[in-house]
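Working notes, structure below.
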Amino acid sequence: MNKYTKSAVIFALTGLFFVSCASTPKVPFSAESVSPAAIISITANDEISWYGDTNENKSGLINMAIKKAAKDKANDASLAYLGFTKNLLDDAAAAANEVLENNGFTLVKDFGPSYESACDDKVYRLGGFVAPKGYKMLGLNNSVASLVKEETDANYFVYISYQIQKTIVNGVAKNGSMTACVTTTIQIADAAGKRIKLVNGYASGTERIGTVAGVYDAKALYAMYPKVIRASLDNACKKLK
């Protein structure tokens, strides 16, 4: 993907995130007031990037083709060492349900038959996003939420987006010590796509591993993410109150 295509995708996704701003309610928000709710969209970046890295040459078409070929040939165990998020997605979905319920949400878990047959919004795939098994990648302007509302007890809908990354803690460039970091975006909207809340939560790991020229112990890094994902979710949920 060249930088112009990438910019267009980011612009489109930004539009999905900021639609219906005028619908923000005047009353204080509470998890109980939007329950029962359904988490109908969970997205994450496919490839783990360095936090703050804006190097455009990563998005070159040849580079993308090479990485896709490597991913397609890899088994699940080796995907971690290639820097992809696939092996983290199931836990990221479990974390979303766990942390939201711990923060007062009552969640609908069965989304009904219409959700099963729904398609992802194409803009997410174009932007290099992935989803956990059983979840769709949907923007606020989707038509799926109204069908889920008809078929379940869900009154409001939760959209979660993870940015799963790694960051240098001490050092120069990609030499020194590093850790895992995650930014979680939570949006809550009604069945018509009118957003009533948007928050972001960031967390980084307390553990450190060494890196030399960007080379590090991938197994040790991946072990950090479950805890960091939950911390970023919890930080986002605290902003909902």
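Could you tell me the calculated FRET efficiency between D53 and R125, based on Cβ-Cβ distance and R0 = 25 angstrom, to the nearest 0.05?
Numbers: r = 22 Å, r/R0 = 0.88.
Computed FRET efficiency for D53 and R125 comes out at 0.70.
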**Request:** Can you send over the carbon and sulfur percentage of the accessible area for segment 127-241, probe radius 1.4 Å, protein chains only?
**Result:** 51
**Prompt:** How would you order 183-192, 214-223, 133-142 from highest to lowest mean count of nearby Cβ atoms within 10 Å?
**Reply:** 183-192, 133-142, 214-223
**Message:** Give me log10 I(q)/I(0) at q = 0.09, 0.13, 0.14, 0.16 Å⁻¹ for segment 97-241, Debye formula, one equal scatterer per alpha-carbon, no solvent.
**Reply:** -0.35, -0.68, -0.76, -0.92
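Between D217 and E98, what is 0.36 nm times their sequence separation minus the Cα-Cα distance? Round to one decimal in nm.
Values: separation 119, 0.36 × 119 = 42.84 nm, distance 2.86 nm.
Contour length minus Cα-Cα distance gives 40.0 nm.
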**Residue-normalised accessible area of segment 132-190, expressed per residue, 1.4 Å probe, Å²** = 37
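The values are calculated or read from the model by the stated rules, or taken from the named source; none is laboratory data. Quantities reported herein were computed from a predicted structural model and do not represent experimental measurements. When we count neighbours, we look across all protein chains shown, and the Cβ atoms used for this are built from the backbone with ideal geometry, even at glycine. SASA here: full protein model, heavy atoms, side chains in, ligands and nucleic acids out. Shrake-Rupley method; radii C 1.70, N 1.55, O 1.52, S 1.80 Å.
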